[in-house]
1. For residues in region B:8-38 being more than 8 Å from every other protein chain (Cβ to nearest Cβ) and within 27 Å of the chain's Cα centre (by Cα), which is farthest from A:ILE198 (Cα to Cα)?
2. I'd like to check something: does region A:223-240 contain any residue that is crowded, with 21+ Cβ neighbours inside 10 Å, within 15 Å of the chain's Cα centre (by Cα) and more than 11 Å from chain B (Cβ to nearest Cβ)?
3. From the list A:ILE164, A:ILE198, which residue is in contact with a Gly (Cβ under 8 Å, 6 or more places away or on another chain) and in the same structural domain as A:VAL102 (by TED's automatic domain parsing)?
4. Which one is most open to solvent (accessible area, probe 1.4 Å), of the residues in region A:278-300 that are under 18 Å from the mean Cα position of the chain (by Cα) and aromatic (Phe, Trp, Tyr)?
5. For residues that are more than 8 Å from the chain's Cα centre (by Cα) and more than 9 Å from chain B (Cβ to nearest Cβ), scanning just region A:246-260, find the one that is surrounded by the fewest Cβ atoms within 10 Å (Cβ to Cβ).
6. Would you kindly identify the helices (runs of 4 or more DSSP H) lying entirely within region A:205-315 that contain at least 3 residues that are without any contact (Cβ under 8 Å) to a residue 12 or more places away in the chain and more than 17 Å from A:ILE57 (Cβ to Cβ)?
7. Any residue in region A:61-83 that's open to solvent by less than 40 Å² (accessible area, probe 1.4 Å): show its pairings with residues that are in a loop (DSSP other than H, G, I, E, B) and at pLDDT 85 or above at Cβ separation under 6 Å, as long as the two are six or more apart or on different chains.
8. Of everything in region B:160-191, what is open to solvent by less than 20 Å² (accessible area, probe 1.4 Å) and either touching an Asp or Glu at 6+ places or on another chain (Cβ under 7 Å) or not acidic (Asp, Glu) (or both)? Give them in sequence order.
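The values are calculated or read from the model by the stated rules, or taken from the named source; none is laboratory data. As the structure is a computational prediction, the values presented were derived from the model and not from experiment. Note that we place each Cβ from the backbone using ideal geometry, even for glycine, and neighbour counts take in every protein chain shown. To get the accessible areas, we keep the full protein, side chains included, count just its heavy atoms, and leave off ligands, DNA and RNA. Shrake-Rupley method; radii C 1.70, N 1.55, O 1.52, S 1.80 Å.
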Amino acid sequence: MTSVAQHEIDHRPPTLSPVTPRRSRTIKSAQRRAVTLLTAPGLIWYAVFMVIPAASIFVFSLLDWPGLLAPATFAGFSNYAEMVADPVFWTAVLNTLIELGVDLAVMIPVSFMLGYYLTLKRPGHRILRVLFFTPALLSLSARALVFFGVLAPNGLVNGIFSLIGLGDLSTPWLANPDTSLAVVMIVDLWGGIGFTAILFAARLASVSPEIYEAAELDGATSWRKMWSVAMPVIRGFVGIVTMLQFAWILFGSATTVLLLTRGGPGSTSTTLSFMVYNEAFVQSNIGYSQAIGVVLFIFGLLGMLAINRSIRQRY
Amino acid sequence: MAYRTRHKPKALVVVADSLVWLYGLIILIPVYYLIVTSLKTNTEIFSAPAALPTHAALDNFINAANFASLPQALINSSVITIGAELVTLGLAIPAAYGLSRTDGKIGAALERVFSAGFLIPAFAALVPTVILAVNLNLFYNPIFLVIFYPATQLPLSVVLLTQYMRSIPKELEESSMMDGANRWTVLWRIYTPLIVPGLVSVALLNFLTFWNEYLFSLSILGTDTAVRTVQVAVPALIGQQTTNYGILAAGCIISIIPVLVVYLLLQRQMENALVAGALKG
C-alpha cells in the first residue's frame, strides 16, 4: 500500500505534476512534520487515558491496597496467591467459560442463519431487520433492566407460566442459584443475536450471486447453499465476528451481572469481569481486583488471538 | 434464487420463515412488556403481566422523572455526551487527515497503533481510570468523563475517518495549497465538508457509546443526583425491598428516547455506522 503510493509520486509524468522533484522533497519533509503534529494530540490522549491506565493494572496487582483513599503498599505476588486459593475466583472462571461457551455456540450459528435469511429478501425482511437491530440501540444497563422486569417473581415469564397452567415452573429467576447464570446468558443472547445477524447479512450481501448459481445447477438446497457455499466463503468474517462477540460478552458481563444478580445467589452468577468490579469497589480490595483484572486481560487477548487463528479463511 | 423460492415455497422455506419470525417475536416480547408495564401499576402488572393497560396513564413517567431526578440526569448525560463528542472529533479529524495524507513509515506505524486499539478493551482500564480521576481531583466531576470518554473511541474514530479521507484525491489538497491555503484551512474548509457522511457515522457511533455507557459513569460520578448520568439514575428506581416495576419501565423508556429519536431521524446512517464500527474496530 505504502510503496505503491510512493511509486506513483516518484514516477509521475512531469506534465501532470505541478511540482518539480526538488519541491516534492520539501513537501515530503513538511508533510512528515505535519502528520506528526496533527496526529500527536490524539495519540497522546489515547496513551495517557487508555494505554497507560490499562498497563498499570500489572503494577496495581502487586499492591496491597485496601480502598481508593487508603495508602498502597507493595505486596509482591500475594494477590495472585490469594486468587489461586480463592474458591470464588475458580467459580468465576468456570462461570465465565460457561457464559462464553454457551453464548458463542448459540449466537454464531443462529446469527449466521438469520443473516443468511435476511439476504434472501423474503417478505417482511425490512421489518425483521429493524427488529433485529433494536436491542443494539439499548445500553447494557437498559437491557438488564428490561429483563429485571420480565424475569421478576411477579413478572412476565412467571405470569405466562401460571396462565397456561405451568405455574409449577415459576421461580424467582434472578434469585435461584440454578437459573441466575442462565439469566445473564439470556440477556447476552437477546442483546447480541439480532445485531450479529445484521453483521452477517451485510457481509453476505457482497457475496457474488454466481457462486450460488453454480451450486444451484448442482441441485443444492437452500440449507446446503447456506452451509456449504456461504459459510466457507465468509469464514474469515465469521472469525472476526466471533472474536468481537467474545470480547463484548467477556467484558460486558460486569454490567449485566451487577444490575441483575450482583453475582449471586452466593457466587453462582459471578463472572470474572464482575469480580474485578466487585473486589475493587464493593470489597475495597484494589490490588486483588487488579490481579484478577490481569488474568482477565490476558485471557481476553489470548482468546481473541486464538479465535482469530482457528477461524480463518481457508483459501 | 430468492425469486424462485417465492413462487414455489417448499416446506423447508415455510419452516425457515416461521422460525425467523419466532425469533423476531422473542426480540419483540420484552420490548412490548417494557412498554405495557410502563403504563400500569404494580397491582395490574402482577395480576396480568402480559395484558394491555386498561388506561393510558402517564403517572409512572412523571413519578420516574421525580423519584430519580431524571431531568437533571438527562442534562448531565447530554452535557457529557456532547462534550466528549466534540473532544473526540477535535482530536480524531486532524489525526485522520494527517494519516490519510502520508505515505511514510511513521504514518503507517501510527495507523497500526490506532488499528490495534480494539485489543485494549476500555474495561481493562476501569480501576486505574477511577484512581486517575481521584488523583486529578476530578472524582465525582463530569469533566473527567468528557476528558476520558474520547480515549475509548479515538482508535475507531481515527481509523474510520482515515478511510473516508483517503477517498479524497490528493490533487485537491495540492491545488488548494497552490492557491495559498494553509494546511489548517485545507483540513477544516475543504476536507471536513467532503467527508460529512463518514463524519456523521463516526459521530453517531460515539454518541451511542457515550450516552449508553454505564460502568465508568457509575464508578467515577457515583449516584449523587446532581452529577449522575441517566444510565446510572434509572437503575436507582430499583427498590431495596420492593420495586415499582411500572415506574422502573417508564424511567428506562425515558433513558432510551434520545437514542430512539436519533435512530428514527437517521435510521440508515445509524445502521451503517454500527456495522462499520463493529467491523473496522
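1. So the residue we want is B:SER38.
2. Scanning region A:223-240 turns up at least one residue that is crowded, with 21+ Cβ neighbours inside 10 Å, within 15 Å of the chain's Cα centre (by Cα) and more than 11 Å from chain B (Cβ to nearest Cβ).
3. A:ILE198
4. Across region A:278-300, the extreme among qualifying residues is A:PHE299.
5. Checked region A:246-260; the qualifying residue surrounded by the fewest Cβ atoms within 10 Å (Cβ to Cβ) is A:LEU260.
6. A:209-217, A:286-310
7. A:LEU63/A:ALA72; A:LEU63/A:ALA75; A:TRP65/A:ALA72; A:GLY67/A:SER284; A:ASN79/A:SER61
8. Listed by number, the residues that qualify are B:LEU160, B:LEU161, B:THR162, B:MET165, B:ILE168, B:SER176, B:VAL186, B:LEU187, B:TYR191.
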